[in-house]
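Worksheet for the structure shown next.
Throughout, read-outs are computed from the coordinates displayed, never taken from laboratory work. These numbers were taken from a predicted model, which means no experiment stands behind them. With ideal geometry, Cβ positions are generated from the backbone for all residues, glycine too; neighbour counts draw on all protein chains shown.
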Amino acid sequence: METISKKIAIWRGLRSRCPSCGQASLYRAYLKPVDECPSCGVTWSDVRADDGPAWATMLVVLHGLAPLFHLVAFGEHMSMWKGICLLSVIAVIMCLWLLPRMKGLFIAIIWSTGAPTS
Ligand SMILES: [Zn+2]
C-alpha cells in the first residue's frame, strides 16, 4: 500500500472519493461503500464507520442552524410554524448532503490511521 498523508486521505474521503487513490467513487449507492476500489484495489467493505458519520452530521447541521432556530423562536420575521417548516426542510437537505461526506471522512480516518475495523 502506497503511503499517503492523512490530510490527503481525509480530503479525498470528504469528497466521497477513494481515500487511497482519489480516482474512483467511494460509494456504489448513497451510503454504501464499494467492496473494493476499481482503481487501486483497496478493500472498503471491512472499514465500518458505524454511527460516527450520523453523529458528526447532526453536530454540524444543528450547530449551524442554531442561530436560525433562535431567529424563528424569538424574531418577528415569520410565523413560528412557517419557520419550523422551513428549518426542517433546510435541516433535512443539509443532512442528506453532509452524511456521505462525513462517512467518507470517517472511513478515511479509520483507514489512514490503521484503526481496527471490526
Ligand atoms: Zn482507490
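Of the GluC sites (Glu not before Pro) found in region 1-108, those in coil by DSSP whose Cβ has at most 16 other Cβ atoms within 10 Å are GLU2, GLU76. Around the amide H of TYR27, modelled in the peptide plane, lie the amide H atoms of VAL34, all under 5 Å away and 5 or more residues distant in sequence or on another chain. Do any trypsin sites (Lys or Arg not before Pro) in region 44-102 lie in a loop, going by DSSP, with at most 15 other beta-carbon atoms within 10 Å of their beta carbon, and if so which? In loop regions of region 44-102 (DSSP not H, G, I, E or B), the sparsely surrounded trypsin sites (Lys or Arg not before Pro) are ARG48. This model, with +1 at the C-beta of Lys and Arg and -1 at the C-beta of Asp and Glu, gives region 6-113 a dipole about its Cα centre of some 320 debye.
In order along region 10-17, the phi-based Karplus estimate (6.51 cos²θ - 1.76 cosθ + 1.60, θ = phi - 60°) of 3J(HN,Hα) comes to 5, 4, 5, x, 4, 8, 6, 10 Hz; Gly and Pro are listed as x. With only Cα atoms counted, region 49-112 has Rg and Dmax values of 14.6, 49 Å.
The loop-placed chymotrypsin sites (Phe, Trp or Tyr not before Pro) in region 5-68, going by DSSP, that have at most 16 neighbouring Cβ atoms within 10 Å of their Cβ come out as TYR30.
Entry for the chain at q = 0.16, 0.19, 0.22, 0.23 Å⁻¹: log10 I(q)/I(0) = -0.73, -0.90, -1.12, -1.20, Debye formula applied to identical alpha-carbon scatterers, no solvent contribution.
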